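Below is one structure, written out as structure tokens; the observations come after it.
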């Protein structure tokens, strides 16, 4: 058995199951209200740190704090650009406290792909494919000319379609948890 923390994105069920539960609670809340409250993320962070200390001692504490810091640091620019809410950002920090920075990197990459799939489905469902392609062209043109895009492409536009990132992160965490637990049972 590998020493804690196990490398290769493997986690003990005592840490993984509460992480998935936190992600699903936050995803459900984000889906329903488009908010992820502090009463969910702050205790989630504390539980993640506590479980890692319980399981791994000082090494668990280091893993937990590095994971939280990684999740928060990577997503901070998106919070400043107002393309990601503070609740989503804090959820990433709390999940990082559970899973460590290596798994958090996997979860963030997977959640970006999941959010992309959700966005495509939403655009098709709302029948806004042509408008979306036109806006993508405007965005690309503005980047090539080194200028800001127009108001119609702004994230502050109340008519723009928005994907709840907490849901994408929750689904990715759930999928990761299922694959980890299934893989542990098949050994």
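The values are calculated or read from the model by the stated rules, or taken from the named source; none is laboratory data. Remember, it's a predicted structure, so these values are computed and weren't measured experimentally. Reconstructed Cβ throughout: ideal geometry from the backbone, glycine too, with neighbour counts over all protein chains shown.
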Set 26, 86: member being farther than 20 Å from residue 181 by Cβ and in contact with a helix residue (DSSP H, G or I) (Cβ under 8 Å, 6 or more places away or on another chain): 86
Filter pass, residue 22 being surrounded by fewer than 19 Cβ atoms within 10 Å (Cβ to Cβ) and assigned to a helix (DSSP H, G or I): no
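Residue-by-condition table, conditions (1) more than 20 Å from the chain's Cα centre (by Cα); (2) in contact (Cβ under 8 Å) with a residue 24 or more places away in the chain; (3) over 16 Å from residue 99 (Cβ atoms):
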site	(1), (2), (3)
14	yes, yes, no
18	no, yes, no
21	no, no, no
36	no, yes, yes
39	no, no, yes
43	no, no, yes
53	yes, no, no
62	yes, no, no
Filter result (at pLDDT below 75 and either in contact with a strand residue (DSSP E or B) (Cβ under 6 Å, 6 or more places away or on another chain) or under 25 Å from residue 30 (Cβ atoms) (or both)) within the stretch 140-187: 153, 154, 155, 156, 157, 158, 159, 160, 161
Residues satisfying the stated conditions in the stretch 95-107, i.e. out of contact with any helix residue (DSSP H, G or I) (no Cβ under 6 Å at 6 or more places or on another chain) and either more than 14 Å from residue 74 (Cα to Cα) or without any contact (Cβ under 8 Å) to a residue 60 or more places away in the chain (or both): 105
